[in-house]
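Notes follow the structure.
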Amino acid sequence: MLPLSSRLAIISCVVTLSTTPLVARVGAPRASVRRSPQTARIAFAAQRDGDWNIYVMSAGGGAATRLTSRPEQERFPMWSPDDRTIAYGVQTDHGWELWAMAADGTGPRRLFDHIAAKAHRQWSPDGARIVFGSAGDDPELYTVRADGSDLRRLTTSPGEDRDPAWSPDGTHIAFASMRDGNLELYVMRTDGTGVTRLTHDAGDDGGPDWSPDGATIAFASTRNGSRDLYRVRPDGTGLERLTVGALVTKDVAAWSPDGTRLAFNSAHGDDYDIEIVRVADHRRSTLAQSKQYEGQYAWSRDGRRLAFISGRDGTDAMYVVDADGTRLQKLTDGTTLNPAWSK
């Protein structure tokens, strides 16, 4: 028989092993499972059979699967947070419509008529709703469920409202509006109440994007002459300039998943490049540069790689690259647009 001290040590280990997992499980958030950038999927629009359709392929390359087959243009895919649904735009004789389908292409349904085609749209963090802007002379903001039900109009201002972005906790929406005479940033609750103006400048302030921790909102502004990136707290304080002379386009900049960097498009005439700015020290680096178009970037959800569109080889094709600009890989040969990365 083992000595008493040894038997007590064994009993202590058993108790520790049996109770520690219980403590870890109770009240602890479940860690999200993320695929690597090579096994994740990228949805995109391509014109392969004469029409623009939505496709999906492995982020590591290989054959693409066509999800849509309508004769109208089908573009701008957008994965739901759980990757089970893809929202997208469909061009009809009456303008662009918002649609959604299962991630395998089944069950397509129309959610809303007359959306602003190239405008920013976004899923709520819980995947329950989509926020988007309408088309027309007086664009307004709406949300709708992914099954097309419970449509809610959020804004009723006489000026254009655009570029909606959900806060990471799902309680507020930042947006840009012309309601006070020039383009400014605002925040409101997700039901459209509690509108607060964040910026007050004669320059245009637009394209808001929340940092992953919800502490700041990045945006583009012409307040100092050229269009540059700034960030501000959700209460309008703490304005900080992130770039100087970057010639940022009107495309919404995108935070890296860890909140340390922002990807953005810079324009030198008709030459569009993709740059990254490190928020801590404002250091800029070029991610994709050529004499042709470089744009429509999308971060992998672990922040290690980006997908983007480039015309460097004579046609707009899709590429992926590491966030430091290395390991460039071409994924498509034909005309491709609007990449969107899944988990």
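Kindly indicate which of 54, 86, 115 is surrounded by 15 or more Cβ atoms within 10 Å (Cβ to Cβ) and either without any contact (Cβ under 8 Å) to a residue 24 or more places away in the chain or more than 23 Å from residue 320 (Cα to Cα) (or both).
Details: 54 fails: either without any contact (Cβ under 8 Å) to a residue 24 or more places away in the chain or more than 23 Å from residue 320 (Cα to Cα) (or both); 86 fails: either without any contact (Cβ under 8 Å) to a residue 24 or more places away in the chain or more than 23 Å from residue 320 (Cα to Cα) (or both).
Among 54, 86, 115, only 115 is surrounded by 15 or more Cβ atoms within 10 Å (Cβ to Cβ) and either without any contact (Cβ under 8 Å) to a residue 24 or more places away in the chain or more than 23 Å from residue 320 (Cα to Cα) (or both).
Please state which of the following conditions residue 119 fails to meet, knowing it meets all the rest: (1) at pLDDT 95 or above; (2) closer than 23 Å to residue 162 by Cα.
Condition (1) is where residue 119 drops out.
Quick grid of which residues meet (1) touching a strand residue (DSSP E or B) at 6+ places or on another chain (Cβ under 9 Å); (2) in a loop (DSSP other than H, G, I, E, B); (3) not charged (D, E, K, R):
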| residue | (1), (2), (3) |
| --- | --- |
| 272 | yes, no, yes |
| 285 | yes, no, yes |
| 291 | yes, yes, no |
| 297 | yes, no, yes |
| 303 | yes, yes, yes |
| 312 | yes, yes, no |
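In the stretch 320-343, which residues are crowded, with 16+ Cβ neighbours inside 10 Å and over 21 Å from residue 86 (Cβ atoms)?
Hits for the stretch 320-343 are 321, 323.
Name the single residue that is nearest to residue 39 (Cα to Cα) among those in the stretch 53-72 being hydrophobic (A, V, I, L, M, F, W, C) and assigned to a loop (DSSP other than H, G, I, E, B).
Step one: list which residues in the stretch 53-72 are hydrophobic (A, V, I, L, M, F, W, C), which gives 54, 56-57, 59, 63-64, 67.
Filter again for assigned to a loop (DSSP other than H, G, I, E, B), leaving 59, 63-64, 67.
Values: 59: 6, 63: 13, 64: 14, 67: 19 Å.
Applying the filter and picking the extreme gives 59.
Which residues, counting only those in the stretch 66-83, are loosely packed, with under 15 Cβ neighbours inside 10 Å and either in contact with a Leu (Cβ under 9 Å, 6 or more places away or on another chain) or without any contact (Cβ under 8 Å) to a residue 24 or more places away in the chain (or both)?
69, 71
Anything in the stretch 287-318 that is aromatic (Phe, Trp, Tyr) and under 21 Å from residue 81 (Cβ atoms)? List them, or say none. So that I can check it myself, show each step before the final result.
Taking the stretch 287-318 first, the residues aromatic (Phe, Trp, Tyr) are 293, 297, 299, 308.
Result: 297, 299.
The values are calculated or read from the model by the stated rules, or taken from the named source; none is laboratory data. As the structure is a computational prediction, the values presented were derived from the model and not from experiment. Every residue, glycine among them, receives a Cβ derived from its backbone with ideal geometry; neighbour counts consider all protein chains shown.
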